[in-house]
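**Q** Below you'll find the structure I mean.
None of the figures in this text is laboratory data; all of them are computed from the coordinates on show. Bear in mind that the values here come from a model prediction, so they are computed numbers and not experimental data. Glycine also receives a Cβ, built like all others from the backbone with ideal geometry; neighbour counts cover every protein chain displayed.
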């Protein structure tokens, strides 16, 4: 670095003065980035730009340097004089922002990546950079008709007459005030929940600078996934979710979208995946109902007897809201039975409890309680009325 005028491009074999430094090998000083060296004769590496992790593409024509906190214009507009460049940047509207300006020489210099050449910049984030001079807003102290620029062929700086036509890249944040740049974060990115009815939460935060209002809404799965209407907040907050039981044998996933206008990463989608219902295994005691509404109960205990019985559903117009089953067959299997599954039971007052009825879809299951109906059992048939039933939990 020539401290006469600040020019910084020299041959390694030149004899120059030295000033030592101590402390961190790299970091941020003010609004300029300190470079680091990996060996005695290696090229300097600008730590803010040497790795792709130093930048975030905001997807709106802007790029944020996460080390310096500056937001940059991604594309390169046409060449302009220095005054034209100042006016262009100050009148620019980009990425929903209007607070753009021409960068200082230190800010512009922070983009130079000395591990690259032609152009000396991270082209992953600035793909259309021209290997030529770009204007800074800094006037040369040795001549006010000149202003500093950076040549992105190799990253060295040099003053140019203000009437020259050079390239431009606008910036916002830094010396003109804090960078009003919000970054939305929602954690965790996904939740896995049990099949039963329950609740869960997500946390929203602003990891950037400035005030970040946000809103949240369910965008898929709203038939079973719910958040309070109008869920919103500013910067940090919690999204409270509730969900109904999953009676399907397939898992299901719902999506909640969190939107913070103008914030990097917005909108942010998070998911809730609910476990499937695992069908209860069918046992020797499981009763089955077929497509014709014929019910087969393989095991019914009655005292010391073990029976099987077959029933068929019959609609009775005199009792349209009640369910009746007519017994069509039964037989004694054995006495003093020994088995491991839960059998149906027939009590002394002729009530039958069936703990597990498998429906024709081979998935849905109910428990059912029957009670003998003497009112209907006058035509030589035996009828039972369904008094209670419920879903069998897995």
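**Q** Which of 293, 384 comes first, and how do the rest follow, when ranked by fewest Cβ neighbours within 10 Å?
**A** Numbers: 293 14, 384 24.
The order, fewest Cβ neighbours first, is 293, 384.
**Q** When 368, 212, 318 are ordered from fewest to most other Cβ atoms inside 10 Å of their Cβ, what list results?
**A** 318, 368, 212
**Q** Mind checking the full-extension length gain between residue 313 and residue 196? Use 0.36 nm per residue of separation minus the Cα-Cα distance, one decimal, nm.
**A** Working: separation 117, 0.36 × 117 = 42.12 nm, distance 3.15 nm.
Length gained between residue 313 and residue 196: 39.0 nm.
**Q** Can you give me the distance in nm between label points at residue 322 and residue 353, each placed 7 Å from the Cα along the Cα-to-Cβ direction?
**A** 2.3 nm
**Q** Is the C-alpha gyration tensor of segment 242-394 telling us rounded, prolate or oblate? Criteria: a/c under 1.5 is rounded; beyond that, a/b larger than b/c is prolate, otherwise oblate.
**A** Values: a/c = 3.85, a/b = 2.28, b/c = 1.69.
It is prolate, given that a/c is not under 1.5 and a/b is the larger ratio.
**Q** Describe numerically, in nm with one decimal, the distance between label points set 7 Å from Cα along Cα→Cβ at residue 257 and at residue 132.
**A** 4.2 nm
**Q** Another question about this same structure. What ranking do 222-233, 96-107 get when scored by the average of other Cβ atoms within 10 Å per residue, highest first? Working shown, then result.
**A** Details: 222-233: 14.8, 96-107: 19.8.
Answer by packing, highest mean first, reads 96-107, 222-233.
**Q** To continue, here is another question. So for segment 184-274, considering every pair of alpha-carbon atoms, how many percent are separated by more than 17 Å? Could the numbers behind the result be given before it?
**A** Working: 1816 of 4095 pairs.
For segment 184-274, the fraction of Cα-Cα distances above 17 Å is 44 percent.
**Q** Taking 0.36 nm per residue of sequence separation and subtracting the Cα-Cα distance, how much length would be gained by fully extending the chain between residue 20 and residue 139, in nm to one decimal?
**A** 40.0 nm
**Q** For 327, 334, which order do you get if you count the other beta carbons within 10 Å of each Cβ and list the fewest first? Don't skip to the end; give the middle numbers.
**A** Details: 327 19, 334 11.
The fewest-first ordering by Cβ neighbours comes to 334, 327.
**Q** On to the next question. In whole Å, what is the distance between the alpha-carbon centres of segment 268-331 and segment 94-121?
**A** Using only Cα atoms, the two centres lie 73 Å from each other.
**Q** Here's something else I'd like to know. If you average the sequence gap of Cα pairs under 8 Å that are 6 or more apart and divide by the length of segment 287-391, what percent do you get for the contact order?
**A** Numbers: 225 pairs, mean separation 24.9, N = 105.
Relative contact order here is 24 percent.
**Q** What fraction of the DSSP beta bridges in segment 131-225 is antiparallel, stated in percent and rounded to the nearest 5?
**A** Details: 14 of 15 bridges.
Of the beta bridges lying entirely in segment 131-225, close to 95 percent run antiparallel.
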